[in-house]
1. Considering only segment 10-51, how many residues are part of a loop (DSSP other than H, G, I, E, B) and more than 16 Å from the ligand (Cβ to nearest atom)?
2. Name the residues in segment 138-152 that are in contact (Cβ under 8 Å) with a residue 24 or more places away in the chain, closer than 17 Å to P240 by Cβ and not hydroxyl-bearing (S, T, Y), would you?
3. Check every one of the strands (runs of 3 or more DSSP E) wholly within segment 56-148 and list those with 3 or more residues that are within 16 Å of the ligand (Cβ to nearest atom) and open to solvent by less than 70 Å² (accessible area, probe 1.4 Å).
4. Do you know which residues across segment 53-106 are in contact with a strand residue (DSSP E or B) (Cβ under 6 Å, 6 or more places away or on another chain) and either β-branched (V, I, T) or not assigned by TED's automatic domain parsing to the domain that holds D43 (or both)?
5. Determine which member of the set A199, A245 is out of contact with any Lys or Arg (no Cβ under 9 Å at 6 or more places or on another chain), open to solvent by less than 30 Å² (accessible area, probe 1.4 Å) and at pLDDT below 95.
6. If you check T213 against the conditions, is it touching a Lys or Arg at 6+ places or on another chain (Cβ under 9 Å), in contact (Cβ under 8 Å) with a residue 12 or more places away in the chain and either open to solvent by 30 Å² or more (accessible area, probe 1.4 Å) or assigned by TED's automatic domain parsing to the domain that holds A168 (or both)?
Amino acid sequence: MTQLTDLAQGQHYPAGALYIVATPIGNVADITLRALHVLGLADRIAAEDTRNTAQLLARYGISKPSIAVHEHNERSAAERVIEHLRNGERIACVSDAGTPGISDPGAKLVDAVRDAGFPVVPLPGASALTTALSAAGAWVQAFTFVGFLATKSKQRAAQLQAYAEQPAALVFYEAPHRIVETVQALADTLGGERQLLIARELTKLHESLHRCTLAEGPTWLAGDANRQRGEFVLVVEGAPQQQDADDAHDALLAMLLEELSVSSAARLAATLTGASRNALYARALLLNKSEEE
Ligand code: SAM
C-alpha cells in the first residue's frame, strides 16, 4: 500500500536549504504529510525548545540532531545554522507550536539565511491565527494580526489607540493570566459594541469558541473559572465604517424626530452615541426636511 507520506515526495527538496515547518497547536494529528516528509528528510532540526520538539517528533517515529533557536539566541544560532547549510545540510525550523515566525522565533533566522544566499522553503500548516479566523464568520474580512499586546497598561492603551480607527478586524494572542484584563482594555479603548470572538484551546479537548460584544467579554469570562484557562486567540471587529455609523445615526434620529424637535433630537442622539452634536443636527435637519416634502 502507498505510504501517505509518499504523496509528499513529488517535489524536489534541495539540499542546503532551510525548511520552515509548522507543527500542531494542540492536536498532535494536525501535521501535514509534507511536514512529516521534510522532518524525516532533514539532517538537523532548528527548534525553539529541543526537548519539546524531540518529544513531538518521537510521536511520529522521527529522531534528529537539533540546534536550539529561541528568542534569546536567534542571531547567534543563525550563524551555526548557516554553517550547516554550507555543508549541504537540509535544516528544518520548527517552533514549540504552530507556525514559526508567528509570535514565535524564526523570522530573524529566515533573514540571516536568505542574506547568506540560501533558499528558505515554507511549508504551510497549523497556526492559532488561521485556525481562529477560519471559524470567525463573515463579519471578519480584512484583518490585522497584532499578536501579544504590551503588558503595561499605558503602553497597551497607546498600542490599541493606533489600531482604533482601522476598519480591518484585529487579531490578538493572549495568555490565561491576562485574558480578563486584556478584554477589558480592548472594550475600554475600542468601545464595547464591537463583536468579539474568544477562541480558546483550539484543537484541544476543551476547545471553545464564544462570540459576544467586547462589553460582554469580561462578564462572560468571569462567569466560569474554566473560561479563563488555556490559550487564547481574540478576534475583534474593525472600526465601524462612516457609512455604517451614518446609517445608524439616521435611524436613531428618525425615531427621535417623531417625538422631538430637531435640536432636542440632535442633543439626545449626541448623548446616546457620543457623536458630534453639530453633525447630528445637520443630519436631523435634512431628515426633517425630506419628511416635510
Ligand atoms: N506560532 C504559533 C502560531 O502559529 O499560532 C503561536 C505561538 S505564541 C508563542 C503562543 C500563543 O498562540 C498562545 O499564547 C495563544 O495566544 C496562541 N495559541 C497557540 N495555540 C493555541 C490554541 N491551541 N488555542 C488558542 N490559542 C493558541
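The values are calculated or read from the model by the stated rules, or taken from the named source; none is laboratory data. A quick note: this is a predicted structure, and the numbers were derived from the prediction, not measured. Cβ atoms come from the backbone with ideal geometry, glycine included; neighbour counts cover every protein chain shown. All accessible areas refer to the heavy atoms of the entire protein, side chains included, with ligands and DNA or RNA removed. Shrake-Rupley method; radii C 1.70, N 1.55, O 1.52, S 1.80 Å.
1. Final tally of qualifying residues: 9.
2. W139, V140, Q141, A142, F143
3. Where strands (runs of 3 or more DSSP E) fall fully within segment 56-148 and carry at least 3 residues being within 16 Å of the ligand (Cβ to nearest atom) and open to solvent by less than 70 Å² (accessible area, probe 1.4 Å), they are 91-94, 143-147.
4. T53, I67, V69, V81, I91, V94, listed by residue number.
5. None of the others qualify; the one that does is A245.
6. Taking the combined requirement at face value, the residue satisfies it.
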